[in-house]
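For reference, the structure discussed in these notes is given below.
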Amino acid sequence: MSILVGTETRLCVSGITGREGTFHTLRNREYGTSVVSGVTPGKGGQSVEGIPVFDTFHSAVAETAANTAMIFVPPVFAADSILEAEDAGIELIIAITEGIPAHDELRAYSVIKKNGRARLIGPNCPGVLSPGKANVGIIPAAFFKQGNVGLVSRSGTLTYQIGNELAQSGFGNSTIVGIGGDPVPGTDFIDVIGLFQDDPETELIVMCGEIGGDAEERAADFIAAHVTKPVLAYIAGFTAPPGKTMGHAGAIVSGSKGTAAAKEAALEAKGVRVGRTPTQVAELAVSLLGAAA
Amino acid sequence: MAADRTRIRIHYSLDRPMDLLEYQGKQLFARHGIPISPGKPARTVEAAVAAADEIGYPCVVKAQVQIGGRGKAGGIKLADDPGEVREYAAAILGMDIGGLTVNEVWIELASDIASEYYASIVFDRSAKAPLVMLSTKGGMDIEAVADEDPDAIARLHVDPLLGFQSFHGRRLAFEAGVDADVVRPVGAMLAQLYEAFIAEEATLVEVNPLIVTPERVVRVLDAKVTLDDNSLFRHPENAELRDSSAEDEQEQMARERGLTYVKLDGDIGILGNGAGLVMSTLDVVALAGGRPANFLDAGGGSKAEAITSAVEVILSDPKVKAVLFNIFGGITRCDEVAKGLIEAFEVVKPTVPFVVRLDGTNDVEGRRLLAEAKLPNVHAESTMDGAAKKVVELAAAP
């Protein structure tokens, strides 16, 4: 088992004919992901290294039974592409695009939530990798092997760093999920941690957060209430400087300071151990699960 | 949970908000039909006096900086005649408020005030919906109100697909307890603020105070507007409002080159790819006993020229004694990073040591290129911890 992506995945890539879109689509296919189609308006009928391209998600779904979408189009088109995929009945939409306007994200998120048919991962995320099964996104898969650690992270490159430290300690991953650091992530820590809790392959959950917002604090409450598997955390940004702030509304909304120290305290109060460096996270994993294979 | 509320809001790399000055916010409001008092901006004492003569007396001379606490700092003064405008403008222009220099004042016709309210709309990331707040305790520190009397602030999330309805306005106005005769106009103003929030793609619209005059007219007396950086391409008139004078020289240079750079006060230059990894690198360097000189995120897919620019930005800070490159390539290719560094050494000819750690996509090729280039005083390290220790050691060397 793995979560979100695996052998059942039938991927359709929006923006498949772009330079980066092509590059990463082919890498995903090379890894073993079943890439069934792509969408680029106006390029329907073409193909990218044998992958058929369609003008719309609707025709791609009808012709190729795609169930997962990867969004690889520029920010100005991305929310529309997410909404198109949702409208066409895609169940899992993974949005890699960085820099989508916040209000576009909010609209796309709200529609998806209201309709309740699809799950959105990202935007501004590195994607989802289930080692040995499927890779959807830009995670450098060569660094990861199949195993029992579920990893969920707000940051892309930091995910690779932590994953690599775990790999060097002998651990593999059930699934690695990048949820992205944007204002309106389609999927939160809580959602992914819940999926890992129900996934028989996952024995340890590692969450990798960073300063800002209160997603880690909410995750801490969720873990205390719903998670029986061990959870480890890493928080980046202990030495990041606080920004200047003008308005006060933001401060009175959030129940949290948003600092790394506040997040660490919230997690540890609920029994989640927090590593201070990526290396320390791997050491904690060893102490919890014993030296892995 | 009042004790948990705080004054700190953290902005970090990916979150680059654009804060407008008060008068820019008011001008933006005016485009959406929101009533503001007559006023004019001025950059010199003479211009301030001329503006006041045109607007009339008494008037208010208000420092224009993107930070709260202007009144307490002496940046807001009521003037009855041209002499007072001259005196106050002279004192306020050039004043330092919270580390920001006042380059502009806003001269506004003074208002008679019967009641002061507070109104705001914030992009609530946690609830994933706009949050509208209204209170009759305006004109004071709203965070103190939130701490001491949280029920004094009426709050309501708006379904973004539904938008702001008249009933939202009524509900907020009744819950906040505004004077009965202004429930309707206050609700109408909230609707206008919401319209501005959506149309201008703001992440914050805050009015403190929102006033009721003795004639029972509702008007905004202050404006704090934060716009979403990612949407500015759709709002060229807003994009022009960016105030580069508030930025550090190196920060400006970095932004012009498409890099995310925040200057810190240490002596170890840091470059990484991805905000999370860069923040983590700062933490690991600090734990190793070093003091980072900056945060620099070269971004995803960093190309050779971006790396060259980044080296120039980092080294333009004279305090930097050593530099750490920490790259874990996903979309970024390590060979591109290596090429950029080699090019940078040809252009910039650094005199400080570099520690370079390359992992991820095309790392073998990247390391090979670097080894072959035999750059002077460049140290390759294979782990993040090892690289941090090495750079701290090099920065401490006499």
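A short reminder: the numbers here are calculations on the coordinates, not readings from a lab. In this text, all values refer to a predicted model and were calculated from it rather than measured experimentally. With ideal geometry, Cβ positions are generated from the backbone for all residues, glycine too; neighbour counts draw on all protein chains shown.
Structural remarks
- Long-range tail of P(r) for the protein assembly as shown (Cα pairs > 46 Å, %): 22
- Whole-angstrom gap from the stretch B:49-82 to the stretch B:112-172, using each part's C-alpha centre: 27
- Pairwise Cα distances in chain B exceed 42 Å for 29 percent of all pairs.
- Percent of beta bridges antiparallel (DSSP, the stretch A:1-140, rounded to nearest 5): 25
- Taking the centroid of alpha carbons for each part, the stretch B:29-46 and the stretch A:47-110 are 43 Å apart.
- Fraction of beta bridges assigned by DSSP in the stretch B:248-391 that are antiparallel (%, nearest 5): 20
- Ranking B:307, B:254, B:377 by Cα position along the charge dipole of the stretch B:248-391, where only Lys, Arg, Asp and Glu carry charges on their C-beta atoms, puts B:377 farthest toward the positive end.
- Dipole size of the stretch B:68-157 about its Cα centre, with +1 on Lys/Arg Cβ and -1 on Asp/Glu Cβ: approximately 420 debye, rounded to the nearest 20.
- Dipole of the stretch B:3-157, positive direction: furthest Cα of B:127, B:18, B:92, with charges on the beta-carbon: B:127
- Per-residue shielding of B:154-164, expressed as the average number of other chain Cβ atoms within 10 Å of the residue Cβ, stands at 2.
- Residue with peak Gaussian network fluctuation, chain A [Cα springs, cutoff 10 Å], from A:16, A:71, A:211: A:211
- Taking GluC sites (Glu not before Pro) as exposed when DSSP calls them loop and at most 12 other C-beta atoms lie within 10 angstrom, chain B has its longest site-free stretch at B:1-214.
- Here the stretch B:38-109 is treated with +1 on each Lys and Arg Cβ and -1 on each Asp and Glu Cβ, and its dipole about the Cα centre works out to around 320 debye.
- DSSP bridge pairs, the protein assembly as shown: antiparallel proportion in percent, nearest 5: 50
- Reachable aspartates and glutamates from residue B:303, criterion Cα separation under 18 angstrom, eight or more residues apart if same chain: A:20, A:98, B:256, B:312, B:335, B:336, B:343, B:346, B:359, B:363, B:365
- Furthest towards positive pole of dipole, A:7, A:90, A:75, structure part chain A, Cβ charges: A:75
- Shielding value for B:358-366 is 3, the average number of Cβ atoms from other chains within 10 Å of each residue's Cβ.
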